[in-house]
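Below: the structure, in structure tokens.
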């Protein structure tokens, strides 16, 4: 269980919404060309919304939990050494200010805001905010995962759905980041599953699995801001996040990372997709 009081938990919830309302939503479908840039490659986009939302969240989260540090996607882009904080003793907030930046920059959905709290290398709290839908999904270790519909005030517990047959399974595959061997096999074998897609927003993929709408995902790129929040949410909804037979931790750097509704879904999807 995350070592946060109820007041601190409420403050994190509010800080995420405030950052999105201030820096993200006003820019959706309203970005000037000069407010969109790139980082490691022309396809690795960043916007003014990413940078401003991360700055707001950094200030808020460190204030909510004194002594904590923030590892954000944009801060690591500017200084890769920031990532080393995950291995330290201080509590770490992992922040993805706009997950699905390419969608966001193109005026499309889905995109979301993601935050995780990591203590001694273990994710203990997770928040994913869907700004367009007004939905916040929150999970704390050993406390389950819950969807808060802020427009109605309703709260529901999330549970995964575990189909038995491969032809009933929907999944997400990030082909770009798989090894060449796995990429070729997955493309060839995708027809064995009910549906395979990629939607450009890892957070939304995690949520759809936790909600029971989809059933598995495989990722080759392991930036912690892409996976720490969603992995805990799926686990607390009854699913699993594994790398080479071990539970995912935000310190993992080498994939592939499998997210699945159950052990059966994991083994079936891996066999059907990655075996000749």
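The values are calculated or read from the model by the stated rules, or taken from the named source; none is laboratory data. Computed from a predicted model, the values in this text were never measured in an experiment. Quick reminder, even Gly has a Cβ in these numbers, built from the backbone with ideal geometry, and neighbours come from all protein chains shown.
Take the stretch 256-271 and flag every residue that is surrounded by fewer than 20 Cβ atoms within 10 Å (Cβ to Cβ) and assigned to a helix (DSSP H, G or I).
Across the stretch 256-271, the qualifying residues are 263, 264, 267, 270, 271.
Read through the list (1) touching a helix residue (DSSP H, G or I) at 6+ places or on another chain (Cβ under 7 Å); (2) in a strand (DSSP E or B); (3) over 18 Å from residue 20 (Cβ atoms), then give the number of the only condition that residue 95 fails.
Here residue 95 clears every test but (3).
Looking at the structure I just gave you, is residue 71 in contact with a strand residue (DSSP E or B) (Cβ under 9 Å, 6 or more places away or on another chain) and in a strand (DSSP E or B)?
Details: in contact with a strand residue (DSSP E or B) (Cβ under 9 Å, 6 or more places away or on another chain): yes; in a strand (DSSP E or B): yes.
In short, yes.
Looking at the stretch 124-140, which of its residues are under 16 Å from the mean Cα position of the chain (by Cα) and assigned to a loop (DSSP other than H, G, I, E, B)? Don't jump to the end; show me each part of the working.
Step one: filter the stretch 124-140 for residues under 16 Å from the mean Cα position of the chain (by Cα), giving 124-131, 135-140.
Passing the criteria: only 131.
Mind listing whichever residues of the stretch 6-48 are farther than 20 Å from residue 108 by Cα, touching a helix residue (DSSP H, G or I) at 6+ places or on another chain (Cβ under 9 Å) and part of a loop (DSSP other than H, G, I, E, B)?
Across the stretch 6-48, the qualifying residues are 39, 40.
Is it the case, given these coordinates, that residue 74 is crowded, with 16+ Cβ neighbours inside 10 Å and closer than 25 Å to residue 252 by Cβ? Break it down into steps so the answer makes sense when it comes.
Values: crowded, with 16+ Cβ neighbours inside 10 Å: yes; closer than 25 Å to residue 252 by Cβ: yes.
Answer is yes for this residue.
For residues in the stretch 231-255 being out of contact with any helix residue (DSSP H, G or I) (no Cβ under 7 Å at 6 or more places or on another chain) and in a loop (DSSP other than H, G, I, E, B), which is surrounded by the fewest Cβ atoms within 10 Å (Cβ to Cβ)?
So, considering only residues that are out of contact with any helix residue (DSSP H, G or I) (no Cβ under 7 Å at 6 or more places or on another chain) and in a loop (DSSP other than H, G, I, E, B), the one surrounded by the fewest Cβ atoms within 10 Å (Cβ to Cβ) is 245.
Only one of (1) part of a loop (DSSP other than H, G, I, E, B); (2) free of Cβ contacts under 8 Å to residues at least 40 places away in the same chain; (3) in contact with a helix residue (DSSP H, G or I) (Cβ under 8 Å, 6 or more places away or on another chain) fails for residue 82. Which number is that?
Unmet for residue 82, out of (1) part of a loop (DSSP other than H, G, I, E, B); (2) free of Cβ contacts under 8 Å to residues at least 40 places away in the same chain; (3) in contact with a helix residue (DSSP H, G or I) (Cβ under 8 Å, 6 or more places away or on another chain): (1).
Can you tell me which of (1) under 21 Å from residue 121 (Cβ atoms); (2) surrounded by fewer than 19 Cβ atoms within 10 Å (Cβ to Cβ); (3) without any contact (Cβ under 8 Å) to a residue 40 or more places away in the chain; (4) in contact with a strand residue (DSSP E or B) (Cβ under 9 Å, 6 or more places away or on another chain) is the one residue 38 doesn't meet?
For residue 38, the exception is condition (1).
Regarding residue 97, is this residue at negative phi and surrounded by 20 or more Cβ atoms within 10 Å (Cβ to Cβ)?
yes
Look at residue 116 and say whether it is more than 22 Å from residue 39 (Cα to Cα) and buried (at least 21 other Cβ atoms within 10 Å of the Cβ).
Yes; evaluated as a whole, the condition is true for this residue.
Given 53, 15, 11, which one is more than 18 Å from the chain's Cα centre (by Cα), surrounded by 15 or more Cβ atoms within 10 Å (Cβ to Cβ) and either under 10 Å from residue 97 (Cα atoms) or modelled with pLDDT of 95 or more (or both)?
Criteria check complete, one pass: 11.
Identify all residues within the stretch 209-230 that are assigned to a helix (DSSP H, G or I) and under 20 Å from residue 273 (Cα atoms); write none if there are none.
Selection gives 209 alone.
Hey, residue 60 hits all of (1) in contact with a strand residue (DSSP E or B) (Cβ under 9 Å, 6 or more places away or on another chain); (2) buried (at least 18 other Cβ atoms within 10 Å of the Cβ); (3) on the phi < 0 side of the Ramachandran plot but one; which does it fall short on?
(1)
Test residue 149 against the stated conditions and say whether it is surrounded by 21 or more Cβ atoms within 10 Å (Cβ to Cβ), at pLDDT 95 or above and not assigned by TED's automatic domain parsing to the domain that holds residue 251.
Judged against the criteria, residue 149 is not a match.
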